[in-house]
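Step one of this worksheet: look at the structure below.
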């Protein structure tokens, strides 16, 4: 997309596929100058999406281009356009580097609440992933950590003994506390490095510490971890998507505790995955109200029409079990408008009595949370939000009351838990 001055009269060769936007004012700002920094904000006028904080004069009729659109805003990531025309609106930047500068390294997992007594930082670590196309040398890179608004400390990444510091494309590295006690099983081939001080952050990592990774110049920010929280003792926070921006909804508790050097928890016998399905409750001649759910809904009567789980086609019903939750697990709500609520259950087939007064935890729209272990052993999970009434789709046809909602109405959600 290209944001054009409202008085733009042509002159650039912009592809027909580009989305062209403008502003309500007659000019961009008060007329852009070569020393004007820029900020792109969400519609609420508060949340910053991206910035151009290091303006410079690239020359008359020449634009400033970002070298790597995936990397953070930094002086080293901007250059004068090398296009013959002087700019590239709506097209790939001519100054873009095939080498992917700055270095494409992401913070993907943080362990700041190690299990057991915290004598030092024996179990603390920070995991990195090289998402770029070239190898990068981690030696000399800088970690800055500390509480927001508080004192920040800097550590320099260094080799661990005689181990390597070069991280290949697509590979993981783990920055270990110098006091690391070998408590984790780390996949073979993971680059293990450490820092130049006795502990992270001048003492140890805390669950309220923000972390910034800088290149060896100590200025160019490569990635940030800005939304710390406490997922529980011995549980790390893992990044859900390496391509998405750093946000509170992009971090969640690691279901199996910690996975230094691995993309996710091991499968098979360690982790169970449960996916929601369509459920309707309190069906009547006024229509059926649909939900995505896992498990047995509350029931005040044994009638099938009181609460039904539908697995395919009209009149095809089958209850599915509540899922076990012997340990806390992370959950990222994928819905923009719907809350997902987890209600404790005492067995796989416990429907509770309507109204069910068991303990529950709600995860709001687009939020991430650590759901505690169920004190009763199991959870029932269900969405709540804007009405999904069958009458809205089938025009009140009584023969379609129990037909599944159209595809794409509300996608399923998934939870991952440790196997009991």
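All of the numbers you see were taken from the coordinates with simple rules; none came from a lab. The model shown is predicted, which means the values in this text are computed figures rather than measured ones. Neighbour counts are summed over all protein chains in view; Cβ atoms, including those assigned to glycine, are modelled from backbone coordinates with ideal geometry.
Using the 2.2 N^0.38 Å rule of thumb for compact globular proteins, work out how the range 49-188 stacks up: its C-alpha Rg over that value, please. Mind showing how you got there, number by number?
Working: Rg = 19.3 Å, N = 140, 2.2 N^0.38 = 14.4 Å.
Computed over Cα atoms of the range 49-188, the ratio equals 1.34.
Given points 7 Å out from each Cα along the Cα-Cβ axis, report the residue 40 to residue 336 separation in nanometres with one decimal.
Using points 7 Å along Cα→Cβ, the separation is 1.7 nm.
Among 33-42, 60-69, 228-237, 362-371, what's the highest-first ranking by average C-beta atoms within 10 angstrom per residue?
Details: 33-42: 10.5, 60-69: 15.6, 228-237: 20.5, 362-371: 17.5.
The packing order, highest mean first, is 228-237, 362-371, 60-69, 33-42.
Which semi-axis lengths, in whole Å and largest first, follow from the square roots of five times the eigenvalues of the Cα gyration tensor of the range 131-214? Walk me through the intermediate numbers first.
Numbers: eigenvalues 100, 48, 28 Å².
For the range 131-214, the semi-axes come out at 22, 15, 12 Å.
So how do 166-173, 350-357, 43-50 stack up, highest first, on mean other-Cβ count within 10 Å? Show your work: numbers first, answer last.
On the way: 166-173: 17.2, 350-357: 14.8, 43-50: 8.2.
Those peptides, ordered most packed to least, come out 166-173, 350-357, 43-50.
Roughly how far apart, in whole Å, are the Cα centres of the range 152-223 and the range 52-92?
So the two Cα centres are separated by 32 Å.
Roughly how compact is the range 349-390, stated as its Cα Rg over 2.2 N^0.38 Å to two decimals?
So the range 349-390 has a normalised radius of gyration of 1.38.
Within 10 Å, count the other beta carbons around each residue, average over each peptide in 192-200, 107-115, 321-329, and list them highest first. Don't skip to the answer; put the middle values down first.
Numbers: 192-200: 19.3, 107-115: 23.7, 321-329: 21.6.
Those peptides, ordered most packed to least, come out 107-115, 321-329, 192-200.
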